[in-house]
Amino acid sequence: MIAAVSVVAGLAAFFGLALGFAAVRFRQEEDPVVERIDQLLPQTQCGQCGYPGCRPYAEAIAAGDADINRCPPGGEATIHSLADLLDREPKPLDPERGEEKPRTVAVIREDLCIGCTLCIQACPVDAILGAGKQMHTVIESECTGCELCVEPCPVDCIDMVPEAVTIRTWKWPRPAATPRASEA
Amino acid sequence: MTELALILVSTVLVNNFVLVKFLGLCPFMGVSRKLETAAGMALATTFVLTLSAVCSWMVQSWLLEPLGLEYLRTIAFILVIAAVVQFTEMVVHKTSPLLYQVLGIYLPLITTNCAVLGVALLNVQESHGFMESLVYGFGAAAGFSLVLVMFAGIRERVAAADVPVPFRGAAVALITAGLMSLGFLGFAGLVKG
């Protein structure tokens, strides 16, 4: 009885130690800088920076391939916080990449929609609901306002409208994103 | 040497774990939808099966047998297998993040692959030595991989075929597996001669 208990306990302890050692030995280093840059980006996944999404852009910034002024949706606030994080001089938004606009959401004029699903395929955040030959609509709370769905629509029935401010949707203005003091 | 070769052939073809002994059917049905995942799963299972066959042999003959604790075999082997799978996951994560992403959830699932425990227990049952256990484990894994990859290939074609409605999905997959099993029964005469 005691032998049995001690054998199983010993085995468990041995494997626990071995796995603990392996966990330290084979630790997977993820690049923390990429993570933190990604946190500062607006996550619109619009691709205006020339990269397929916010995370690839963050990786490119971390690798030194891309400058910090290529994000129109984030605008000046994002550029400033990136400059703070990376200890670089803030610079104006690259005009080639577009200009800073107030936040908008896509709205589908539903009587014109022919149900072609092209905008669904274009949406990087799956904010458009619909099926083939059925009317589509935009889930407003998911829409990041990236405008990627406007171009593919064959009947031009998608409008970008400024986000309506109502009692329900009004929020305190966002504080400029800055890395937390403990991390910086 | 001849005996080792015989064990290898017998586990891969004649006593194939999936199609003749009917062990490890869950990953066989679950991961065989696509060829790439099947190949990844086959690789990971090969690694785990071989390693756990050896480890469980060591636990059995160096720990349980000398102490007369053979009745603890099952729980001890499960412990060994779980640890080996965890270890494999860490190594794969470190050495090949791409493979880790491909395998994803399937890697921890090897823990519950009954073929892994089956190999360990059958090694004891047939009182294999160290090398024999190693070859037996590797052979079982190779047989599993062979059948899994073949089955995935067939299923990819079946998916494109015009299957009668009542047979679609799991039904036709099980029928396919049964036919493959019948085919593998043909190897049963291989060793007699």
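Nothing in this text is a laboratory measurement; each read-out follows from the coordinates by a stated rule. Only a predicted model underlies this, so the values are computations on that prediction, with no experimental measurement involved. All Cβ positions, even for glycine, are placed from backbone atoms using ideal geometry, and neighbour counts span all protein chains on display.
Left without a cysteine partner by the 4.7 Å Cβ rule in chain A: A:Cys49, A:Cys54, A:Cys71, A:Cys113, A:Cys116, A:Cys123, A:Cys143, A:Cys153, A:Cys157. Using the average count of surrounding beta-carbon atoms within 10 Å as a protection proxy, the listed peptides B:71-81, B:122-132 rank, highest first, as B:71-81, B:122-132. The lysines within cross-link reach of A:Lys133, meaning a Cα-to-Cα straight distance under 25 Å and a gap of 8 or more places when in the same chain, come to none at all.
Judged by the ratio a/c of the largest to the smallest principal axis of the C-alpha gyration tensor, the range B:91-192 counts as oblate, that ratio being 1.5 or greater while a/b is no larger than b/c. Note: the range B:25-93, Cα convex hull, 85 Å³ per residue.
Spin-label pair B:Lys34-A:Ala4: with each label point 7 Å from Cα along the Cα-Cβ axis, the two points sit 4.7 nm from one another. The spread of Cα positions in the protein assembly as shown, taken along each principal axis and listed from longest to shortest, comes to 79, 58, 39 Å. Shape descriptor for chain B: Rg over Rh equals 1.00 (Cα atoms; Rh from the Kirkwood inverse mean 1/r). Separation of the range B:35-83 from the range B:120-169 is 18 Å, based on Cα centroids.
Put a dot 7 Å past the Cα of A:Asp87, heading toward its Cβ, do the same for B:Leu4, and the two dots end up 5.7 nm apart.
Suppose R0 equals 56 Å; then what is the FRET efficiency for A:Ala13 and A:Met160 from their Cβ-Cβ distance, rounded to the nearest 0.05? FRET efficiency, A:Ala13 to A:Met160: 0.35. With a Förster radius of 35 Å applied to the C-beta separation of A:Val150 and A:Asp67, the computed FRET efficiency comes to 0.85. Quick one: Debye curve from the alpha-carbon atoms of chain A only, equal weights, vacuum; give me log10 I(q)/I(0) at q = 0.18 Å⁻¹ to two decimals. These q points yield log10 I(q)/I(0) values of -1.18.
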